[in-house]
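Accompanying notes for the structure given below.
The values are calculated or read from the model by the stated rules, or taken from the named source; none is laboratory data. Owing to the predicted nature of the structure, the values given are computational and were not obtained by experimental measurement. Note that we place each Cβ from the backbone using ideal geometry, even for glycine, and neighbour counts take in every protein chain shown. Just the protein is used for accessible areas: all its heavy atoms, side chains included, with ligands, DNA and RNA removed. Shrake-Rupley method; radii C 1.70, N 1.55, O 1.52, S 1.80 Å.
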Amino acid sequence: MMMGHFHPRLLHLLKLTGFCLFFFIGAILPASALEQANVQTRTSLWSVQAEGGKVYLLGSVHFLRQSDYPLPVAMERAYADSDRVVFETNIGAMASPEIQQQMLGLGFYPENDNIFNHLSSGTADLLKKKLAGMGLPETLVSRLKPWTAAMTLEVLILKLMGFDEQAGIDFYFYRQAQSDGKHLDFFETVDFQLNLLAGLDEQNQ
């Protein structure tokens, strides 16, 4: 069990971070942006046809805005044509108290330690500068390990830009599949993803 005092805003951000363990993406370019650019809309959707049936592969964008909907028609058609939907991990499990407690255990330093003891002076200065520029206290991330701090800041920055994990493609089709009673499967467990990130050495974190 982990004991200590945590900034209330940090606990809220950690809950958001728990929804997006692998949300790191190179760019966010929703269909509406492509249309505004007056170019032909292309999607991250592929299909494979074989004698046993058809499989669709959709590259997800974990953060979008409500204004980015509706999704391209091809995505909705692929979903409607499918009786089984497989996600990267169990999105519904990420909000559970057990997972939140596991994140606290894996993503925090003990009370007598902090992130600045584990960063080079240059990286520590960059982190302090980023926090100051966002008007955030250093205590918000001081107890976080590098992987948790990085993800927390990424989530916060995207939220400030108007993007929302609840509007992401994952959540959209997860909620839809639950409502429609489709069979759900998952490639990885949340526990696997958490331990993969927590198991990185500090330099890679």
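At 7 Å along the Cα-to-beta-carbon direction for both L196 and K129, put a label point, then send me their distance in nm to one decimal.
In this crude spin-label approximation the distance works out to 3.2 nm.
Working from the alpha-carbon coordinates of the stretch 39-169, get Rg over Rh, Rh being the Kirkwood radius.
1.09
Could you calculate the FRET efficiency of E154 with A50 from 1/(1 + (r/R0)^6), where r is the beta carbon distance between them and R0 is 45 Å, rounded to 0.05?
Calculated transfer efficiency: 0.75.
Sort 43-55, 153-165 by the packing proxy (mean of other Cβ within 10 Å over each peptide's residues), most packed first.
By packing density, highest mean first, the sequence is 153-165, 43-55.
Using 0.36 nm times the number of residues separating R77 and E188, minus their current alpha carbon distance, what extension gain do you get?
Length difference between fully extended and current span is 37.4 nm.
Given a 1.4 Å probe, how much area per residue of the stretch 99-173 is accessible, in Å²?
44 Å²
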